[in-house]
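Presented below is the structure to which this report refers.
The values are calculated or read from the model by the stated rules, or taken from the named source; none is laboratory data. Being a predicted model, the structure only gives us computed values, none of them experimental. Counting neighbours? That spans all protein chains shown, and the Cβs are built from the backbone with ideal geometry, glycine included.
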Amino acid sequence: SSGLVAVHQACQSLRNGECDTAIVAGANLLITPDSYNGMNKAGMLSADGKCYAFDKRANGMVPAEAVAVIVLKRLSKAESDGNPVYATVVGSGINYDGKTNGITAPSGRSQSRLIKEVYDRFRIKPEDMEYIVTHGTGTKLGDPVEINALAEAFKDYTEEKSYCALTSTKPNIGHTLAASGVVSLISLVMSLKKETIPASINCEQVNDYIQWENSPFFINRENRKWTDKEGKNRLGAVSSFGMSGTNAHVVLQSYTPESTVREKENTQNDKPYYLLVLSAKTPEALQGKIHEMAGFLEKSQNIEAMDLAKISYTLMEGRHHFDCRCAV
């Protein structure tokens, strides 16, 4: 879970104003046999080299390598800098298992408590959650603990059944260990960007130990179209759990560009106002600037609100401001 914990810490740092840009990375390289041997002795590895998340055949994990990196900014900063925005973080949280029966025995109670804490703290409605990228390692013990903990967390908020899709990236690319939290987050971001929930592969007969019947969840076994509905942003989440240790949960939503929101507002209300700021070294030179701008606007009969927004931004952020000033 360390990659997703780093995401949570970066979000806190941004909210606290400690930085304006955070680069979060998770990396896992398997360059010696030592880690393989250790996992094999612990009985953690799949005997046939396949990960069967949520399936009756689940028999262990498949280690993998990855280097995964994301860049986080406050939304206002990313928009003003003209950065591409693929999704926004709604909320995040971490907690700890405490004592368990072993490093491969997760605490469902801790996982459930974490999810409820995140949703309550950030006022997230679980009934609006449409997709969760689970930790889903493909083990007979871990998968049921995780899904049943999700169901336990959701039951206090909604009685709806089978409305939230679940997948795991680990059947597709393996368990990237320290990088897996960031890998899963990138998977969710790309789902939001591509408006598609991908298929969770290697799941033919669902695990009997998971309580599916009265659950809000279903395994997404084929690619599913995923778009915003009735003007509401899509909501998705990522879970990542450490070995008898740290749990992390992050909630994302789809991003609606400010320009799109502005265009919708313009079709319903009066056109928005924009600030035009001009400056010069002398009053005479300032008057010349004012006449130039007035002449330009008079000639541009078909100027759009978005053009005006760009002019306003350029005048404020892309020009040096001298002592003689005028703002309209």
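In segment 80-123, of all residues being part of a loop (DSSP other than H, G, I, E, B) and under 14 Å from the mean Cα position of the chain (by Cα), the one that is farthest from Met316 (Cα to Cα) corresponds to Tyr86. Taking the criterion of being of a type in the set (Ser, Thr, Tyr) and closer than 29 Å to Val5 by Cβ, the residues of segment 220-257 that qualify are Ser239, Ser240, Ser244, Thr246, Ser254, Tyr255, Thr256.
Every condition in (1) touching a residue at least 24 places away in the same chain (Cβ under 8 Å); (2) more than 27 Å from the chain's Cα centre (by Cα); (3) assigned to a loop (DSSP other than H, G, I, E, B) holds for Tyr52 except the one numbered (2). The single residue among Glu130, Glu159, Glu152 that is assigned by TED's automatic domain parsing to the domain that holds Lys56 and in a helix (DSSP H, G or I) turns out to be Glu152.
Looking across segment 214-229 at every residue that is in contact (Cβ under 8 Å) with a residue 60 or more places away in the chain and part of a loop (DSSP other than H, G, I, E, B), the one that is nearest to Thr256 (Cα to Cα) is identified as Trp226. Taken as a whole, segment 235-257 holds no residue that is assigned to a helix (DSSP H, G or I), within 30 Å of Gly318 (Cβ to Cβ) and either over 25 Å from the mean Cα position of the chain (by Cα) or modelled with pLDDT of 90 or more (or both).
Of a type outside the set (Asp, Glu), in a loop (DSSP other than H, G, I, E, B) and more than 26 Å from Ala105 (Cα to Cα): does that describe Cys11? For Cys11, the condition - of a type outside the set (Asp, Glu), in a loop (DSSP other than H, G, I, E, B) and more than 26 Å from Ala105 (Cα to Cα) - is not met. Of all residue pairs spaced 6 or more apart or on separate chains, those with beta-carbon atoms under 9 Å, a first member in segment 20-46 that is under 30 Å from Asn83 (Cβ atoms) and in the same structural domain as Gly174 (by TED's automatic domain parsing) and a second member that is among the hydroxyl-bearing types (Ser, Thr, Tyr) and in a loop (DSSP other than H, G, I, E, B) are Gly26/Thr176; Ala27/Thr176; Asn28/Thr176.
Note on segment 152-167: residues that are surrounded by 14 or more Cβ atoms within 10 Å (Cβ to Cβ), among the polar types (S, T, N, Q) and at pLDDT below 95 total 1.
The listed residues are Ala105, Ala68, and the only one of them that is crowded, with 19+ Cβ neighbours inside 10 Å, in the same structural domain as Asn202 (by TED's automatic domain parsing), of a type in the set (A, V, I, L, M) and in contact with a helix residue (DSSP H, G or I) (Cβ under 9 Å, 6 or more places away or on another chain) turns out to be Ala68.
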